[in-house]
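Before any comments, here is the structure.
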Amino acid sequence: MDESEDVPKDFIKLKSEKLSVDEVSELVISPYCGAVSLFIGTTRNNFEGKKVIHLEYEAYTSMAETEIKKICRDVRQKWPSVKHIAVHHRLGVVPITEASVIIAVSSPHRTESLEAVMYCINTLKASVPIWKKTSQELGEGLS
Amino acid sequence: MRVSVLYFARSAELAGLRCETLSVPRQITALQLWEEKVRLHPRLAVIRDQVVFAVRQEYVLLGDQVLVLQPGDEVAIIPPISGG
């Protein structure tokens, strides 16, 4: 493949089905990249000292996609060598230990994709209109 | 002039609905728009200090900024976000 054919792409998806690490990492693979960096956010079994049964996510979907696109644009400005970016976020009920978000970034060398992934998740948490609701057990701490 | 109002998360729980249309003047401050919503859904008052708006999908603080609205614009109430 000629590098001019390997056009940098953003893959953004909000969906209620289980997320796949294989699927997301495969989206960003490129023969011109030696590095794929990944972040997986999974649901914890505790929040503020109480046991969590599951998390439930909702989104202002159209604006969330727009804000994630802005994040991708910012990533490409800060790290111009980044090739592909994939951000998948799950909506609805997410059971404990399952992934609520997966971010993958590819770049020729490792520093850029590692830094870009961290920037993506930090900025997503600060600016993308998505909300989680914890379903907790009442009045019980961790055993 | 009618705009669409969208409620999410805690604001949807307090208002008891997810969307409605509202008649507003073309020019209104963000604060005035909030007060109009609290008039319709008084339980929203408790989250006044935690919310921002999104007008045409751009964040707007609840202040004296004059919003210039078009018919059919989306105005969303945005409680503290917690995605990721």
Mind listing which GluC sites (Glu not before Pro) in chain B are in a DSSP loop and have 16 or fewer other Cβ atoms within 10 Å?
none
Checked the range B:13-84 with the C-alpha gyration tensor, a ≥ b ≥ c its square-rooted eigenvalues, rounded below a/c of 1.5, otherwise prolate if a/b is larger than b/c and oblate if not; verdict rounded
For chain B, what does the helix formula give at 222 nm: sum of -39500 (n - 2.57) over DSSP H segments with n ≥ 4, over the residue count, nearest 500 deg cm²/dmol?
-6000 deg cm²/dmol
Give me the dipole magnitude in Debye, nearest 20, for chain A about the Cα centre, with unit charges on the beta carbon: positive for Lys and Arg, negative for Asp and Glu.
420
Between the DSSP loop rule and a limit of at most 14 other Cβ atoms within 10 Å, which trypsin sites (Lys or Arg not before Pro) in the range A:13-59 are left?
A:Lys18, A:Arg44
Relative to a virtual label point 7 Å from the Cα of A:Arg44 in the Cα→beta-carbon direction, which members of the range A:84-102 show backbone nitrogen distances below 16 Å?
A:96-101
Kyte-Doolittle at least -1.0, axis length at least 15 Å by Cα - qualifying DSSP helices, chain A:
A:61-78, A:110-127
Probe radius 1.4 Å, ligands and nucleic acids left out: can you give me the accessible area buried at the B-A interface, summed over both chains, in Å² to the nearest hundred?
1600
Where does chain A land on Rg(C-alpha)/(2.2 N^0.38 Å)?
1.14
Sites matching GluC sites (Glu not before Pro) across the range A:6-60 that sit in DSSP coil, with at most 13 neighbouring C-beta atoms within 10 Å
A:Glu17, A:Glu48
Using θ = phi - 60° and the Karplus relation 6.51 cos²θ - 1.76 cosθ + 1.60, list the HN-Hα couplings for the range B:18-24 in order, rounded to whole Hz, with x at every Gly or Pro.
9, 7, 7, 9, 10, 8, 9
Please name which of B:Ala9, B:Ser23, B:Pro71 has its Cα lying farthest along the dipole of the range B:4-84 towards the positive end, using unit charges on Cβ (Lys, Arg +1; Asp, Glu -1) and the Cα centre as origin.
B:Ala9
Helix B:30-40 vs. chain B, principal-axis angle (Cα, 0 to 90°, nearest 10)
70
Could you give each residue of the range A:38-47 its phi-based ³J(HN,Hα) in whole Hz, using Karplus coefficients 6.51, -1.76, 1.60 with θ = phi - 60°, and x for Gly or Pro?
10, 10, 10, x, 10, 7, 8, 8, 8, 8
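The values are calculated or read from the model by the stated rules, or taken from the named source; none is laboratory data. Everything quoted here is computed from the prediction, not taken from an experiment. When we count neighbours, we look across all protein chains shown, and the Cβ atoms used for this are built from the backbone with ideal geometry, even at glycine. Areas reflect the complete protein model, heavy atoms only, side chains present, ligands, DNA and RNA absent. Shrake-Rupley method; radii C 1.70, N 1.55, O 1.52, S 1.80 Å.
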